[in-house]
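Below is one structure, written out as structure tokens; the observations come after it.
The values are calculated or read from the model by the stated rules, or taken from the named source; none is laboratory data. Just so it is clear, the structure is predicted and the values come from calculations on it, not from any experiment. Here Cβ is always computed from backbone atoms with ideal geometry, including for glycine, and neighbour counts include all displayed protein chains.
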Amino acid sequence: MRRNDYIKVENISVTPKNDNGTESFSLLRYLLVIILLISTMSLYSQELNCNVQISAQRIQGSNREVFEAMQKDLYEFMNNTVWTNQVFSYAERLDCNILINLNEQLSSDEFKGTIQVQLRRPAFNTTYNSTMLNFIDNNFQFRYVEFQPLEFDPNTYKSSLISVLAYYTYMMLGFDADSYSSLGGTEFFQIAEKIVANAQNAPEAGWKPYDGSRNKNRYWLVKNILDKEYEGVRQFIYDYHRNGLDRLESRIAEARTSMAESLKLIQDVYRRKPDPYMYYIQIVMEAKTDELIQIFTDSFPEEKSRVIQILTEIDPANKAKYEKISASN
């Protein structure tokens with residue numbers, strides 16, 4: 001069963017009770033089934049298995065208990081909020097990390113730092129977990145008041161803290177869904193886009209087109225993902241994982257060929273928009289660089305050559321790393 005599966009109760013009919021109470025028993029049985037299904041949905045409705053860590057080593061002289069309470073509150077917010085209308089089993093929850101590094105305390109309840117987002121995805125029929133996201137957002141400023149409840153409303157901007165955490169939750173859900181079905185994460189990316197729209201009047205940085213350096217912020221990331229000009233990158237995520245990574249255990253040669261072919265989808269986007277600061281492509285490649293090197297190190301020479309040529313073109317910053325593929329026997 002995949003993460004997008006729903007639990008459904010269908011074709012339940014209720015007939016009047018007869019003299020011996022048979023239909024009454026049947027009705028009771030149906031009711032018990034419904035109660036069981038509802039309880040199961042409630043039990044497994046959380047979508048995330050999210051580890052939250054907060055580092056405040058650079059902030060001196062503060063009450064350290066505040067940071068402990070903050071970490072606990074953020075952990076509960078991420079893992080106890082119901083983010084979708086889908087039912088996730090315990091094993092299907094997204095395995096992710098949120099690492100917050102606080103650099104400054106601007107006031108008693110206002111902080112500034114970075115947030116690192118990490119997401120992993122299991123490869124079919126293996127114990128291997130593939131990195132989907134691993135990047136740092138340097139524009140993270142927020143207020144935190146101890147004992148104040150954290151509640152997300154997709155239609156309203158309540159605070160920078162809530163909006164940033166919700167935004168990255170839906171980005172993770174979108175990346176994960178895109179890897180299982182073609183453009184499967186669209187509904188989640190659209191919610192992330194709505195969060196950005198709601199935050200346009202927020203005083204904190206990262207939400208507006210001109211925030212950050214060279215279009216590298218939350219606004220541009222989701223905008224690029226939903227732009228049809230970048231659709232090839234999303235198709236790469238699907239082809240690479242479903243036709244490649246998920247088949248490595250059973251058909252390694254065919255899987256590697258599919259992964260090599262999928263890289264051409266990013267190459268095509270890159271050639272049409274050859275800006276080295278394209279945030280979306282950069283984030284995808286940062287997550288996959290080491291994995292690609294590991295996978296194609298054992299490939300045959302012709303395939304190695306093709307892959308290196310594509311990788312050094314679309315990700316020139318890591319050219320030296322990719323050349324290690326051909327150095328192996």
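Brief remarks on what is shown
- Flag if Lys72 is among the basic types (Lys, Arg) and closer than 24 Å to Arg214 by Cα: no
- Selection count where residues are part of a loop (DSSP other than H, G, I, E, B), of a type in the set (A, V, I, L, M, F, W, C) and more than 24 Å from Pro154 (Cα to Cα), scope the stretch 71-108: 0
- Residues (of a type in the set (Asp, Glu), closer than 20 Å to Phe188 by Cα and at pLDDT 95 or above) located in the stretch 82-138: Asp95, Asp137
- Of the residues making up the stretch 170-224, those that are assigned to a loop (DSSP other than H, G, I, E, B) and in contact with an Asp or Glu (Cβ under 7 Å, 6 or more places away or on another chain) are Gly184, Gly185, Ala205, Gly206, Asn217.
- Within the stretch 88-100, residues that are under 17 Å from Phe124 (Cβ atoms) and in contact (Cβ under 8 Å) with a residue 12 or more places away in the chain have Cβ atoms under 6 Å from residues that are among the basic types (Lys, Arg) and not in a strand (DSSP E or B) in these pairs: Glu92/Arg3, counting only partners at least 6 apart in sequence or on another chain.
- Checking each residue in the stretch 286-329 for being part of a helix (DSSP H, G or I), surrounded by fewer than 17 Cβ atoms within 10 Å (Cβ to Cβ) and small (Gly, Ala, Ser) picks out Ser305, Ala317, Ala320, Ser326, Ala327.
- Residue in the stretch 206-219 that is in contact (Cβ under 8 Å) with a residue 24 or more places away in the chain and under 14 Å from the mean Cα position of the chain (by Cα) present: yes
- Candidates Asp268, Asp211: the one that is charged (D, E, K, R) and in contact with a strand residue (DSSP E or B) (Cβ under 8 Å, 6 or more places away or on another chain) is Asp211.
- Long-range neighbours under 7 Å by Cβ, at least six apart or interchain, first residue in contact (Cβ under 8 Å) with a residue 24 or more places away in the chain within the stretch 240-254, second crowded, with 16+ Cβ neighbours inside 10 Å and charged (D, E, K, R): His241/Arg121
- Only residues that are in a helix (DSSP H, G or I), touching a residue at least 24 places away in the same chain (Cβ under 8 Å) and not aromatic (Phe, Trp, Tyr) were counted in the stretch 49-70, giving 3.
- Subset of the stretch 188-202 [touching a residue at least 40 places away in the same chain (Cβ under 8 Å) and not polar (S, T, N, Q)]: Phe188, Lys194, Ile195, Ala199, Ala202
- Here Ser262, Ser250, Ser258 are screened, and the one residue that is at pLDDT below 95 and out of contact with any Leu (no Cβ under 7 Å at 6 or more places or on another chain) is Ser250.
- Cross-chain or 6+ apart pairs with Cβ under 6 Å, the stretch 137-166 first and touching a residue at least 60 places away in the same chain (Cβ under 8 Å) and under 24 Å from Asn97 (Cβ atoms), then among the polar types (S, T, N, Q) and assigned to a helix (DSSP H, G or I): Phe142/Ser160
- In the stretch 264-293, the residues that are touching a residue at least 60 places away in the same chain (Cβ under 8 Å) and closer than 19 Å to Thr131 by Cβ reach residues that are among the polar types (S, T, N, Q) and part of a loop (DSSP other than H, G, I, E, B) with C-beta atoms within less than 7 angstrom, at least six apart or across chains, in these pairs: Tyr279/Asn215.
- Selected residue (criterion: surrounded by the fewest Cβ atoms within 10 Å (Cβ to Cβ)) from residues of the stretch 88-131 that are more than 24 Å from Asp73 (Cβ to Cβ) and aliphatic (A, V, I, L, M): Ala91
- Tally, over the stretch 225-274, of residues that are of a type in the set (Ser, Thr, Tyr) and either assigned to a loop (DSSP other than H, G, I, E, B) or under 30 Å from Ala202 (Cα atoms) (or both): 2
- Options Phe147, Phe111: the member that is over 29 Å from Met259 (Cα atoms) and either among the acidic types (Asp, Glu) or assigned to a strand (DSSP E or B) (or both): Phe111
- Leading residue by the ranking (surrounded by the most Cβ atoms within 10 Å (Cβ to Cβ)) among those in the stretch 178-220 that are acidic (Asp, Glu) and farther than 18 Å from Phe140 by Cβ: Asp178
- Meets criteria (of a type outside the set (Ser, Thr, Tyr), under 18 Å from Lys112 (Cβ atoms) and modelled with pLDDT of 95 or more) for Met70: yes
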